[in-house]
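Below you'll find the structure, written out as structure tokens, and then a few comments.
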Amino acid sequence: MPIDRDGRMREHPAVPAVSICIPVASQLEGLERTLDSLVEQRFLDYEVVIADDSPDGSSESLIASYDFGGRLRHFANLRPLGTPMNWDEAIRQSQSPLIKMLLPGDRFAGRDALGRFVALLEGAPDAIIGCASLRVEDAAVRPAPPPEMQQAIRRTPDRLLRGNVIGPIGGTIHRRSAILDFDPRLRHMADVDFYIRALRSAPRLAVEEDILVIQPAEHVSQAPLGEILIIFEKAVDLLQHDPEVAAFLWRILRQKSIRNERQLARQFQLSPVLSGYFRHLFAHPPREAGGSGLIGLLRRVGPRFLRR
């Protein structure tokens with residue numbers, strides 16, 4: 001029988017408030033830590049959906065050892081889907097109006113963390129996505145974006161390209177939406193692209209300042225230039241005249257010792273629009289970005305926001 005969010009048995013079946021979506025690919029130790037933290041949650045109106053890319057079925061015995069009262073569903077993919085397609089598969093198999101993604105190794109920071117994630121979006125009906133502060137293992141706390149950052153990305157969500165101030169997907173919760181999925185061309189920045197499109201459709205970002213998630217260090221990585229170019233091209237009409245975006249791209253090109261558009265085109269397939277943009281950028285190098293705008297905010301709060 002279904003269980004209410006406060007632990008009472010419900011007389012009639014109903015869709016749970018939130019789906020915990022866990023895409024897996026043989027990370028047994030990380031999956032165990034994630035499920036252990038979920039067992040401890042006081043908020044019980046949830047389902048667990050595991051989309052499994054494990055080629056040998058190695059996760060089946062571990063998953064079978066947990067009893068979530070019939071609320072866990074395990075889907076073994078016929079062939080490995082990879083990131084981020086397996087993320088989409090977990091969401092596709094879920095039922096709830098709210099989606100809480102957890103990657104293997106992610107764990108809740110306390111017994112009330114899941115309930116607070118749900119309350120975050122319930123208290124912000126005009127927001128499609130919410131995030132919380134998180135702690136990276138053996139590293140500093142990664143705080144949720146402060147109000148000035150929230151305003152900056154609300155005005156121009158595409159500026160998340162310059163710095164993922166929201167954080168990895170495990171530190172977020174979002175509403176189910178038919179128009180939102182993960183771009184299969186992206187791996188390291190699939191979450192950033194997802195956030196940009198979510199905030200375009202509903203600009204408010206719901207924010208919880210307290211730490212609700214602990215993540216392993218490997219879930220924080222640098223953004224590859226090829227993926228930056230994919231996201232930039234999607235918003236080139238909005239960003240091509242933005243001096244801070246130009247300065248951001250210029251710094252990356254210099255770090256990689258790319259000195260002209262031809263050299264860039266040998267490494268990455270450029271559309272005519274991108275070729276024209278970068279020819280102009282190399283011909284007219286930007287000045288360093290100042291202390292205003294999102295770049296300035298990123299510099300003031302520290303380099304931790306410059307990671308994905």
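The values are calculated or read from the model by the stated rules, or taken from the named source; none is laboratory data. Please read these numbers as outputs of a predicted model, since none were measured by experiment. Methodologically, a virtual Cβ is constructed for each residue, glycine included, from the backbone with ideal geometry; neighbour enumeration extends over all protein chains shown.
Kindly indicate whether ILE231 is touching a residue at least 60 places away in the same chain (Cβ under 8 Å) and either outside the structural domain of ALA152 (by TED's automatic domain parsing) or under 28 Å from the mean Cα position of the chain (by Cα) (or both). Yes: the conditions hold for ILE231. At least 1 residues being of a type in the set (Gly, Ala, Ser) and in contact (Cβ under 8 Å) with a residue 12 or more places away in the chain is the threshold, and among the strands (runs of 3 or more DSSP E) wholly inside region 71-181 those reaching it are 72-76, 129-136. Count of region 160-180 residues, restricted to those that are under 21 Å from ILE231 (Cβ atoms) and either in contact with a Gly (Cβ under 8 Å, 6 or more places away or on another chain) or surrounded by fewer than 17 Cβ atoms within 10 Å (Cβ to Cβ) (or both), is 4.
For beta carbons closer than 8 Å, sequence separation of 6+ or different chains, a first residue in region 203-216 that is in a strand (DSSP E or B) and a second that is of a type in the set (Asp, Glu), the qualifying pairs are VAL213/ASP106; ILE214/ASP106; ILE214/GLU137; GLN215/ASP106; GLN215/GLU137.
One residue alone among VAL39, VAL48 is surrounded by 20 or more Cβ atoms within 10 Å (Cβ to Cβ) and modelled with pLDDT of 95 or more, and that residue is VAL48.
Right, ALA190: touching a Gly at 6+ places or on another chain (Cβ under 7 Å) and at pLDDT 95 or above or not? No; evaluated as a whole, the condition is false for this residue.
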